[in-house]
Structures are given as structure tokens and as C-alpha cells.
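**Q** Can you keep this structure in mind? I'll have questions shortly.
The values are calculated or read from the model by the stated rules, or taken from the named source; none is laboratory data. Worth saying up front: this structure is predicted, and the values here are computed from it rather than measured. Positions of Cβ are generated from backbone atoms using ideal geometry, with glycine treated the same way; all protein chains shown enter the neighbour counts. Accessible surface areas use protein heavy atoms only, side chains included; no ligands, DNA or RNA. Shrake-Rupley method; radii C 1.70, N 1.55, O 1.52, S 1.80 Å.
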Amino acid sequence: MDQALPHPRTSLPPALRHAATVLPVIPVVVLLALLALPLPAGDGSGGTPADAFSALVVGCALVHVVRSARRPLTRSAAVVVGLPVVGIAAAACASSSAATGVTGAARYLQVFVLVPAAVLVLIRDARQFRVLAWAFVGLALFQGALGVHQNLTGTGASYMGADIRAVGTFGPTDVMGMATVVSYGLIAALALAFRPHAPRQRAAALTCAGLLTVPLALSFSRGAWIATVAACGVVLLLAGARHALRAALVGAAAGVVLVAGLGLGSQLLQDRLTSITDVTDAPDQSVTDRYAMWAASVDMWRDHPVTGVGLKGFPEHRDSHASLALSSGSDTAGAGAEFRRQPLLSPHNMYLLVLAEQGLLGLLTLAGSWLALLVCAVRGWTRVRPRHGRAGAGAGRAGGRGEPLDCALVACGLLVWQLVDFMYADIGGPSTVLTAVALGGCAWWALRGRGECEGGAEGSARVSGVGYADGADAVGGADSPCGSGSSDGAGVSRAVAGVR
């Protein structure tokens, strides 16, 4: 009988073997790193290096699919990810001009179909997903540190007559950019704190989550605050009562010490928090503008109920549907930019924007895709949820070191944050590509198979005396979380054939 030969990866040193397991997700990490670059002053409507690099990420995914010669997605994954195409195509045909329709369709396809599908294909196992989650945390720490510096030195965006609003590298035209990055990082860090059998990661993740509460507060973004509280509540609820209580106490203590104890903008924060409850009794001009644009969006939908007014059609139809309470624009200044009047080009509500521009068809397909992701992500959590008060109690059914409970919490938390935040914001600005990456990462967890794979060399199965096989080849398949629900079952036969 022929002697079994070691798998090529097992001949590498441990450090290089671990690096090889995360290599496919490196383009996505680089894409996130580009969001840390400062952008030139402008209105924020142009493309960014991250937008351009996202095309390369899609190309890497295509090359990966061609080289692997496998079906990249299951039927369910293809339907969920591709569902928005129906509404986008119909709305593009209903646009006022072909150029506007093509431009709008390209943007929507980039954010909600192509980049998420590419990330879904490139992530192969839980280890790579954790690398992406830690990349969110790292980007949030960088942008958050810059935002805190802006607040302390008075070099941020203008807020209440002072340049103290933390916006990071995104500038005053995208005040939600840093808030989105920091929120993603905080939720990812909180979820990573529940990884089974990783005490050092739990301590580091909890520390990062506590630190990120400061720049989130100094962003003065009410929508991000509400969405983060909702998402963190879901993460803690899904994590289990005992662990949730401990994490909540640590996070609350960190927030009190760093914000209230150090007095970082405490009076302005209190006023901003109070304004959340005053949006109906005594709304400020920004809230009044938002209500007026929401009403205009509904009127547009009533005039064009099926396909809407067309992609990028909201600005063109806004004035004919908005009330006189709508102002001409919002004032932006600070963070290295001069004062300028920013036009109101969207209703700051993603659901109403889709309803106005894509009609009921677009809302059902796009929001239906997001809801399907959330449902599937929660179903995935039910297979790894804590039992009897112990995180990862159901671990080890496939030989892995433990269930990826933290991956389930990251996906569910980010999806909840995005769905809640879309009630107060929409796509636009340099941070939009971050939303696409987050949706793709969450789709990996939600649309993977029913099997288990911890990821990397330690979580891979042993095949016919071969050392640790590649997790994507040895354990893949339609029922595996590795490979994003790909049809990788043939990898087992190839691995066995290689030693004969």
C-alpha cells in the first residue's frame, strides 16, 4: 500500500500555515484599510479609492470561483443575494434618463449584490470571518482615536457653533461615516468577547468595546446611538444571561468612566440625548427637514407605486412633493473644510428612499433580502446558542475546537444595527462600501450550510491519514459553513486521490 503523503499545508511552519488560511480574505481587509485614508475636501459625491478597490475584490472572487471550478453559492444563497437585482433593474428602466438609470443601478448593484457576493465567496471558514471582524474593530479604533482627537482639539466638524464633532477621516459631508465605522467595530468587539475557549481574545475584545463607546458618543449621531443600543442588546440577549450581564456591567462602567468621569462633552451629550425624546414635541430643523422628506417620499411612491420614480430620481421630484417646511439644505463646516450649503438629496431613511425610487417591487426585493439574511443568521445562532449557561456547549460535533458562537453574534448584531440604522440613514458617502462588506460577511454566516467548521488547520477534518487538510477542501460542501454554502464535496475525493 502506498505511503500517505502529508498535505502541502502541513509542511509549512505553524505561523505560515495560519497565514495561508486567512489569505483569501486579505483583499477584503485591504478594502477596509482604504477607508482609513483621508479624502480630499468636496461634497462627498465622487468615487473613493475604496470604491475602486471594491471592483478588484469582486475580480478576486471571480478568479477564485474559476480556479476552484465549483459552484460558488447554493441555490438559496444565490436567490437571497440576487433578489435585489429584480427591483434595481425595474427601477433603472423607470429612470428619467438612461445615464441616470445605469449610474444608479451600478451603485446599488455594487453595494447590495456584487461586493456582498464577493465577500461571501472569499470567506471560507470561521477563522477568516474573525479576521474580518477584527478588521472592523481595528478600523473603528483608528477612526475613533482620530475622532476623539478632533473633539479635544476643536478640529472636528462643526456642531452647535464649535468644531467638536468627531468625524474621523470622512469629513463634515459624511458625518455618519465615522459613527458607522465605530458602531460596527463596537458591535463586532462585543460579539467577539463571547468566543469560546479564548480568554485573551475576550479580554481584548471587551476592552476595545469599552474604548469605542467614547468616539461613538462624540459623533453626536442619534441614529447610530439608537441602532447600537438595539444591536448590543440583541448580542447580549443571544449570548446568554450570565455572560450578557457581565459584559453589560463592564461596558457600562467603561462608558461612565471614560465619558462621564472625564467629562468628554458631557453637557452637549446630555442635550443631544434629550433631543431624542423631543423630536415630536420640539423638533430641530434637521428633524423637521427629515419629516418633510419622508412625507415627500411617500407621495412619490403614491404616484409611482410599482417601480417608483426611478433610480436617483428623489432629488428631481423632491421639490414638487415636499412641504414648505423643508429647508434648502444643511450647513457643513469644520474638519478641514470650508463652510458650504449641502443640498438635501435623500430622505435619510433607506426604506423610504427605496420605496420612492424603486417602488413596492424594489422595497420587497431589497428589504426582503435583508430580512432573509437576518432570519437565516438567527437560525444559525440556534445551532450554536449557549446551553445550560455555557457558551459553545454544543461544540465539537465535527471535530472542531468549539462552536463559532462569536461569529453568530457578530452577524446578528451587525444585521440588526444596519436594519435599525436604515430608519435614520441611507447609502451615500465614502462609508457606503463598508455597508457592502458587512452585508457580505453576515451573508457568510447566514447562508452557509448546516455543518460545522471552526476553520483553519485546527478545525479541518483528517482525511485518510493526511495531516490537516484545507478546511475549504476537506469539509466543504452544500452543508458546510466553510465555503459559503459552496458545493465543495468533491474536495474530499481529491484530497484522498492525492495520496494514492
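**Q** What helices (runs of 4 or more DSSP H) lie completely within the stretch 156-240 and have 1 or more residues being closer than 16 Å to LEU419 by Cα?
**A** 175-192, 222-239
**Q** Got a number for residues in the stretch 179-194 being in contact (Cβ under 8 Å) with a residue 60 or more places away in the chain and of a type in the set (A, V, I, L, M, F, W, C)? Write out each step before concluding.
**A** In the first step, residues of the stretch 179-194 are kept if they are in contact (Cβ under 8 Å) with a residue 60 or more places away in the chain; the result is 180-181, 183-184, 187-188, 190-194.
Then drop every residue that is not of a type in the set (A, V, I, L, M, F, W, C), which leaves 181, 187-188, 190-194.
Within the stretch 179-194, residues that are in contact (Cβ under 8 Å) with a residue 60 or more places away in the chain and of a type in the set (A, V, I, L, M, F, W, C) number 8.
**Q** Residue under question is ALA204, and the condition is that it be over 20 Å from the mean Cα position of the chain (by Cα) and more than 23 Å from PRO347 (Cβ to Cβ); does it hold?
**A** Criteria met by ALA204.
**Q** So, of the residues in the stretch 200-219 that are of a type in the set (A, V, I, L, M, F, W, C) and without any contact (Cβ under 8 Å) to a residue 24 or more places away in the chain, which turns out to be farthest from ASP163 (Cα to Cα)?
**A** Selected residue: ALA203.
**Q** Considering the stretch 207-242 alone, what residues qualify as being more than 30 Å from ASN349 (Cβ to Cβ), more than 20 Å from the chain's Cα centre (by Cα) and not polar (S, T, N, Q)?
**A** Within the stretch 207-242, GLY240, ALA241, ARG242 qualify.
**Q** Further question on the same structure: Does the stretch 44-67 hold any residues that are out of contact with any helix residue (DSSP H, G or I) (no Cβ under 8 Å at 6 or more places or on another chain) and either in contact (Cβ under 8 Å) with a residue 60 or more places away in the chain or assigned to a loop (DSSP other than H, G, I, E, B) (or both), and which are they?
**A** Residues satisfying the conditions are SER45, GLY46, GLY47.
**Q** Please go through the stretch 220-233 and give me each residue that is touching a residue at least 60 places away in the same chain (Cβ under 8 Å) and either surrounded by fewer than 20 Cβ atoms within 10 Å (Cβ to Cβ) or in contact with a Ser or Thr (Cβ under 9 Å, 6 or more places away or on another chain) (or both), ordered by number.
**A** Pass one, the stretch 220-233, residues touching a residue at least 60 places away in the same chain (Cβ under 8 Å): 220, 222-224, 226-228, 230-232.
If the condition is that a residue be touching a residue at least 60 places away in the same chain (Cβ under 8 Å) and either surrounded by fewer than 20 Cβ atoms within 10 Å (Cβ to Cβ) or in contact with a Ser or Thr (Cβ under 9 Å, 6 or more places away or on another chain) (or both), then ARG222, ALA224, ILE226, ALA227, THR228, ALA230, ALA231 are the ones that fit.
**Q** Right, another one. From HIS149, HIS197, which residue is of a type outside the set (A, V, I, L, M, F, W, C), in contact (Cβ under 8 Å) with a residue 40 or more places away in the chain and open to solvent by 40 Å² or more (accessible area, probe 1.4 Å)?
**A** HIS197 is the lone residue from the list that is of a type outside the set (A, V, I, L, M, F, W, C), in contact (Cβ under 8 Å) with a residue 40 or more places away in the chain and open to solvent by 40 Å² or more (accessible area, probe 1.4 Å).
**Q** Residues GLN128, GLN143: which one is more than 27 Å from ASP426 (Cβ to Cβ), polar (S, T, N, Q), touching a residue at least 40 places away in the same chain (Cβ under 8 Å) and open to solvent by less than 10 Å² (accessible area, probe 1.4 Å)?
**A** On inspection, the qualifying residue turns out to be GLN128.
**Q** Pull out all pairs, ordered by first then second residue, where Cβ-Cβ is under 6 Å, the residues are six or more apart or on different chains, the first lies in the stretch 375-393 and is more than 15 Å from LEU245 (Cα to Cα) and of a type in the set (A, V, I, L, M), and the second is at pLDDT below 90 and open to solvent by 60 Å² or more (accessible area, probe 1.4 Å).
**A** Listed pairs, sorted by first residue: ALA393/ARG387.
**Q** Out of everything in the stretch 200-219 that is surrounded by 16 or more Cβ atoms within 10 Å (Cβ to Cβ) and of a type in the set (Gly, Ala, Ser), what residue ends up being nearest to THR173 (Cα to Cα)?
**A** The residue in question is SER219.
**Q** Does the stretch 111-125 hold any residues that are closer than 13 Å to VAL437 by Cα and open to solvent by less than 20 Å² (accessible area, probe 1.4 Å), and which are they? Give the derivation first.
**A** Taking the stretch 111-125 and keeping what is closer than 13 Å to VAL437 by Cα, we get 111-123.
Within the stretch 111-125, VAL111, PHE112, VAL113, VAL115, PRO116, ALA118, VAL119, LEU120, VAL121, LEU122, ILE123 qualify.
**Q** OK, next. Being modelled with pLDDT of 90 or more, touching a Pro at 6+ places or on another chain (Cβ under 6 Å) and farther than 30 Å from ALA209 by Cα is the requirement here; does LEU355 meet it?
**A** When the stated conditions are applied, LEU355 does not pass them.
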